[in-house]
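The values are calculated or read from the model by the stated rules, or taken from the named source; none is laboratory data. The structure presented is a predicted model; accordingly, all values stated were derived computationally and were not measured. As a convention, Cβ positions derive from the backbone with ideal geometry for all residues, glycine included, and neighbour counts pool all protein chains shown. All accessible areas refer to the heavy atoms of the entire protein, side chains included, with ligands and DNA or RNA removed. Shrake-Rupley method; radii C 1.70, N 1.55, O 1.52, S 1.80 Å.
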Amino acid sequence: MILIDTHAHIYDSQFDEDRESMLHQAEKEQISQIWMPNCARETIPGMMALAEQYPDRCLPMMGLHPAYVNETVDEELAAVEDALNRNAFMAVGEIGLDFYWDMTYVEQQFAAFETQLRWAAEQQLPVSMHTRSGHDRNAFAEAADLIEKLALPGLTGIFHCFVGTLDEANRAVDLGFKLGIGGVATFKNGGLDKVLPHIGLEHLVLETDAPYLAPVPHRGKRNEPAYIRLVAQRVADLKQISIDDVARHTTANALSLLPALYANLLPG
Ligand SMILES: [Zn+2]
């Protein structure tokens, strides 16, 4: 069994004390790749250091996270663009809309999101998208509306931390995107038990979003890539299939998103 964690912030300071053993544990759990979403300028050095140290296992993305959009958005986007032009990345991410914390810079969030979607399409890179609702606004729906309106050729990627309804899941699939399934699938009140049984395995990828959103029984504690097996098991239970089937399909789905540059990382 080979698993891929398609979204983990393993450069986060919460791993400073035990990063080596955390990665070793992930290896023991047969997690062959960990995809690292960037957040902002401040997270680039730590992420790139890991990417250099583990070029076959820890794959970096480049992007500005919507929760980091504020009055410095222009400088932040310039740093993302500069990095995209100088280095190889497996995706543009994480990008999107966050209506949960603060609505002050929503307009700038939309502009930053659109700019980065265009960069992804130009460079033929997939995107990792964050869509967190709040303040009575549905971030998934507004992101889907924008993607539909832009209709950028070849644009694909992942709705990371998908927690929507069955209709929304089908809309994401129709737009040509995968659903990133993480720890929320294991939560009693998570709602994915009503969605996953009706969505084909070919549309799912697995993720932890470490250090956030740890699956049951670690809920509320620090999350790490090794726990992705708990998510895989939950998907298997909900779909009444084996964990090996879940692993085989979700890993193949994830690999299908990788740009050609990373083709040498396909497990044999
Ligand atoms: Zn994230």
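Scanning segment 10-25 for residues that are open to solvent by 10 Å² or more (accessible area, probe 1.4 Å) and within 16 Å of the ligand (Cβ to nearest atom) gives Tyr11, Asp12, Ser13, Gln14.
Considering segment 201-218, and only residues there that are under 18 Å from Leu166 (Cα atoms) and not charged (D, E, K, R), the residue that is farthest from the ligand (Cβ to nearest atom) turns out to be Leu201. Residues of segment 93-136 that are part of a loop (DSSP other than H, G, I, E, B), away from the ligand (no atom under 14 Å from the Cβ) and farther than 16 Å from Ala151 by Cβ: Phe99, Asp102, Met103, Thr104, Tyr105, Leu125, Pro126, Ser133, His135, Asp136.
The set of residues in segment 157-176 being under 16 Å from Glu207 (Cβ atoms) and either away from the ligand (no atom under 16 Å from the Cβ) or touching a helix residue (DSSP H, G or I) at 6+ places or on another chain (Cβ under 6 Å) (or both) consists of Phe159, Val163, Gly164, Ala169, Ala172. Taken as a whole, the condition of being more than 15 Å from the chain's Cα centre (by Cα), among the small types (Gly, Ala, Ser) and part of a strand (DSSP E or B) applies to Ser32. Inclusion of Ile31 among residues that are open to solvent by less than 10 Å² (accessible area, probe 1.4 Å), more than 16 Å from the ligand (Cβ to nearest atom) and not basic (Lys, Arg) is warranted.
Here Glu168 meets the list (1) at pLDDT 95 or above; (2) closer than 23 Å to Glu76 by Cβ almost entirely, failing just condition (2).
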